[in-house]
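Below is one structure; the comments refer to it alone.
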Amino acid sequence: MPSNKRLLVLPGDGIGPEVMREVRRVIDWMDRRRAVSFDIEEDLVGGAAIEARGTPIAEATVDRAKAADAVLFGAVGGPQWDGLGFDRRPELAILTLRRELGLFANLRPAVVMDALVSASTLKPEVVQGLDLMIVRESTGGIYFGEPRGVTTLPDGSKRGVNTEVYTTEEIERVARVGFELAKRRQGRLCSVEKANVMESGLLWRQTVTALGAAEFPEVQLSHMYADNCAMQLVRNPRQFDVIVTSNLFGDLLSDLASMLTGSLGMLPSATIGAAGADGLRHALYEPIHGSAPDIAGKGVANPLAQILSFAMLLRYSFGLDADAALVEQACGRVLASGLRTPDVMAPGCARVGTQVMGEAVLRELDKLAA
Ligand code: IPM
Ligand code: MG
């Protein structure tokens, strides 16, 4: 009898708890119907944790995350906490988890499902069949670099500083994730930086080039400046297979790529760390969308990105590819059946809310497993 998988579920703020509720039902379904069971703990993060405990993430929560086999994260933040300092903001919850668990590679797929081709603001012929993966470095770069801060100058004006820093090792380990993924996909990796203006970008390019030549000669490696990459992503996104890039550029480019698919509400992500001696690696799964305070509490949020994040968890943390595919297929079928939350609404489709969407996924799972 295989032991249960230990999951830590962190719904967070805004629409986080609403969409997570639907995932919990998918997890219950897995428990009942498939050969996999989960032990689930749930905890507060972000604004919810600030209100209850005065901190965006308690130390005990970080410890629980370290002890878990995988973390399923919702979203954090909201206007009521916007005035807080950087050492207290809700966003610190996700940044702390990335850093404390050593989650250095953020995998952000942008896949256009056939049923949603018309939801994109780009022409169907540009995005149809799109399937790209952005690997974003997530524990380094300007997000964490020192020095940082705001100082007051002698004349009373201020000076704000953040620093982009990357070491050879940091670049190599995230590039390796990109190469490995490319190997399992179409065999193409595009490394993105600003080697034309940044020393750290030049080091990035040289390091990725050397690693590719030494360890991944079978992967077709190309390089692109980040500004050009943004342009190419809207011009002809299907030219890309896997993109590997720094924390900040990855943040921007992945939001851009997500809109190629029509809605932020559709896209999951995985953030993974190095494998430990036992072969297990820390990993956290979250939708790319944020807490969406404007629609929170209205029951209209699209739960699919959170459900698809759980599918990624099954695949990347536990190698449960068949179960992951089942969840993904169920989501695809729900969309094909014409049900739509407002974010992906299209003419002729039926507009539904979060809960109906979740129930439809369960129904499709029942059919697929029958
Ligand atoms: C993301 C978000 C975060 C980031 C914020 C919430 C700190 O935008 O996951 O892309 O910038 O990394
Ligand atoms: Mg972002």
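The values are calculated or read from the model by the stated rules, or taken from the named source; none is laboratory data. Not measured: the values here are computed from a predicted model. Note that we place each Cβ from the backbone using ideal geometry, even for glycine, and neighbour counts take in every protein chain shown. Side chains included, ligands, DNA and RNA excluded: accessible areas come from the protein's heavy atoms. Shrake-Rupley method; radii C 1.70, N 1.55, O 1.52, S 1.80 Å.
Observations, loosely collected:
- Taking strands (runs of 3 or more DSSP E) as the structural unit, those lying wholly within the stretch 198-286 and holding at least 1 residues that are within 16 Å of ligand 1 (Cβ to nearest atom) and surrounded by 14 or more Cβ atoms within 10 Å (Cβ to Cβ) correspond to 242-245, 268-275.
- Enumeration of residues in the stretch 158-197 that are over 25 Å from ASP241 (Cβ atoms) and open to solvent by less than 50 Å² (accessible area, probe 1.4 Å): VAL161, THR163, GLU164
- Condition met for LEU132 (under 28 Å from ILE295 (Cβ atoms) and within 20 Å of the chain's Cα centre (by Cα)): yes
- The stretch 261-285 - residue that is touching a Ser or Thr at 6+ places or on another chain (Cβ under 6 Å) and within 16 Å of ligand 2 (Cβ to nearest atom) and, of those, modelled with the lowest pLDDT: LEU264
- Taking the listed residues ALA35, ALA75, ALA67, the one that is of a type in the set (Gly, Ala, Ser) and more than 23 Å from the chain's Cα centre (by Cα) is ALA35, with no other qualifying.
- Hey, PHE310 more than 16 Å from ligand 1 (Cβ to nearest atom) and open to solvent by 10 Å² or more (accessible area, probe 1.4 Å) or not: no
- Unmet criterion (only one of (1) closer than 30 Å to LEU260 by Cα; (2) open to solvent by 10 Å² or more (accessible area, probe 1.4 Å); (3) in contact with a helix residue (DSSP H, G or I) (Cβ under 7 Å, 6 or more places away or on another chain); (4) not in a strand (DSSP E or B)) for MET20: (2)
- Residue within the stretch 312-322 that is touching a residue at least 40 places away in the same chain (Cβ under 8 Å), outside the structural domain of ARG173 (by TED's automatic domain parsing), more than 16 Å from ligand 2 (Cβ to nearest atom) and acidic (Asp, Glu) present: no
- Taking each residue of the stretch 239-265 that is more than 13 Å from SER120 (Cβ to Cβ) and looking for partners that are away from ligand 1 (no atom under 12 Å from the Cβ) and among the basic types (Lys, Arg) with beta-carbon atoms closer than 7 Å, six or more apart or interchain, yields ASP241/ARG185; ASP241/ARG188; VAL242/ARG185; VAL242/ARG188.
- Search result, residues across the stretch 74-90 that are of a type in the set (A, V, I, L, M, F, W, C) and under 22 Å from LEU264 (Cα atoms): ALA75, VAL76
- Screening GLY297 with (1) more than 16 Å from ligand 2 (Cβ to nearest atom); (2) modelled with pLDDT under 95; (3) not aliphatic (A, V, I, L, M) gives one miss only, at (2).
- Being under 22 Å from GLY74 (Cα atoms) and either of a type outside the set (A, V, I, L, M) or in a helix (DSSP H, G or I) (or both) is true of GLY290.
- Residue within the stretch 9-17 that is modelled with pLDDT of 95 or more, more than 15 Å from ligand 1 (Cβ to nearest atom) and part of a helix (DSSP H, G or I) present: yes
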